[in-house]
Amino acid sequence: HKVVVHNAAASALGLQLIAAARAKGITVINLVRRAENVATVKAEGAEFAIDTTAAEWEDQFRALAAAHNPTAYFDPVGGAAGSKVLSLMPDGSTTFCYGVLGESISYTVPAG
């Protein structure tokens, strides 16, 4: 994977992923759940950070996904939030779910 997406990127594990990915030359599209966390992850070296509480976050994500074609999604959230990101990922990408910060581990994926 050359480009990946990570949800809850301002968590301790998220910050470690930013550093590890940078060391391996992997680009990370970081998703955070508070506006102030955009600055937090950028201070740790993140090139891309999107606040998923912002009204335009889906458009920002679509633009970055179209430009960089992420192939993996690391998700500690699950539920509706995880499903939303999953629905925006390019076809053929892989999701790695490693937690349940949301209401459920279940994903809802649109058919088609």
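The values are calculated or read from the model by the stated rules, or taken from the named source; none is laboratory data. Everything numeric here is computed off the predicted structure, so don't read it as measured data. Here Cβ is always computed from backbone atoms with ideal geometry, including for glycine, and neighbour counts include all displayed protein chains.
Let's see how each residue does on (1) surrounded by fewer than 19 Cβ atoms within 10 Å (Cβ to Cβ); (2) part of a loop (DSSP other than H, G, I, E, B); (3) touching a His at 6+ places or on another chain (Cβ under 8 Å); (4) at pLDDT below 90:
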| position | (1), (2), (3), (4) |
| --- | --- |
| LEU31 | no, no, yes, no |
| THR40 | yes, no, no, no |
| PHE61 | no, no, no, no |
| ALA67 | yes, no, no, no |
| GLU103 | yes, yes, no, yes |
| VAL109 | yes, yes, no, yes |
| GLY112 | yes, yes, no, yes |
| said: Based on this model, can you work out whether SER87 counts as surrounded by fewer than 18 Cβ atoms within 10 Å (Cβ to Cβ), under 20 Å from GLY99 (Cα atoms) and not β-branched (Val, Ile, Thr)? | reply: yes
| note | Note on region 10-29: residues under 17 Å from ALA72 (Cα atoms) and part of a loop (DSSP other than H, G, I, E, B) are GLY25, ILE26
